[in-house]
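Below is one structure, written out as structure tokens, with a few remarks after it.
The values are calculated or read from the model by the stated rules, or taken from the named source; none is laboratory data. Note that the structure is predicted; figures quoted are calculated from it, not measured. Don't worry about glycine lacking a Cβ; one is built from the backbone with ideal geometry, like all the others, and counts go over all protein chains shown. Protein only, heavy atoms only, side chains kept; ligands, DNA and RNA dropped before computing areas. Shrake-Rupley method; radii C 1.70, N 1.55, O 1.52, S 1.80 Å.
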Amino acid sequence: MTVLKKLSLILLFITTVILISFSITSCGNDFENGILYSGNAVIEADKNAETLTVKEGTTSIAAGAFADCKNLTSLTLPDSITEIAAGAFDGCDALIKSEGGVLYVGDWAVGADKNATDIILKDGTKGIAREAFIGMNALKSAVIPDSVKNIGARAFFRCSSLEKITLPFVGKSANAKTRLRVMQRFKRGRYSSR
């Protein structure tokens with residue numbers, strides 16, 4: 001192989017590496033302190049980390065972002081978080097804390113004992129993850145404190161026995177426009193609000 005061919009191959013390799021690096025950077029992905037971000041969303045985390053802090057300004061955590069982070073025992077979430085996807089913390093048994101039958105990651109409710117009939121979220125809970133209580137057929141009542149500002153989509157989906165729910169607001173978040181379907185159920189006496 002001639003020197004010119006070798007130089008051409010080396011140059012092609014370097015150009016390819018630069019283009020791939022540029023492509024990843026230009027897509028808005030940012031890796032910082034063990035967490036991979038895409039814009040304002042966490043999309044993946046270091047599976048071996050024990051302690052992580054989500055940067056301020058992050059608004060959402062994608063499905064599976066922290067899945068199987070088995071060593072993770074401490075995660076700091078900023079107040080800017082408004083949405084946590086279903087399955088974001090699957091397999092994070094050391095991180096998820098149970099209190100009164102409700103499962104929490106930080107100040108967010110992410111699930112509950114599937115056989116619970118009544119749940120009362122602790123004061124100071126900031127939000128409810130998407131599909132947090134999905135399919136809890138035994139659930140008859142739920143009390144959501146005033147501290148909750150965001151409720152994920154389908155949080156109470158397929159809770160067929162739910163008779164009473166106390167909410168600090170009606171809709172996705174305290175600042176969002178009320179959805180007609182929720183208001184129709186509220187008017188029929190299915191939900192109560194403070």
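Per-structure values
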quantity: Residue within segment 126-137 that is exposed (fewer than 15 other Cβ atoms within 10 Å of the Cβ), acidic (Asp, Glu) and within 27 Å of residue 175 (Cβ to Cβ) present; calculated: no
quantity: Looking only at segment 92-112, and only at residues there that are touching a residue at least 24 places away in the same chain (Cβ under 8 Å), open to solvent by 30 Å² or more (accessible area, probe 1.4 Å) and small (Gly, Ala, Ser), the one that is nearest to residue 172 (Cα to Cα); calculated: 106
quantity: Test: residue in segment 12-29 that is over 15 Å from the mean Cα position of the chain (by Cα), part of a strand (DSSP E or B), surrounded by 11 or more Cβ atoms within 10 Å (Cβ to Cβ) and modelled with pLDDT of 85 or more; calculated: no
quantity: Answer from 133, 156 - the residue that is free of Cβ contacts under 8 Å to residues at least 24 places away in the same chain and not polar (S, T, N, Q); calculated: 156
quantity: In segment 113-125, residue nearest to the chain's Cα centre (by Cα) [restricted to those that are open to solvent by 40 Å² or more (accessible area, probe 1.4 Å) and among the β-branched types (Val, Ile, Thr)]; calculated: 120
quantity: Residue match in segment 159-182 (condition: of a type in the set (Val, Ile, Thr), at pLDDT 95 or above, surrounded by fewer than 17 Cβ atoms within 10 Å (Cβ to Cβ) and on the phi < 0 side of the Ramachandran plot); calculated: no
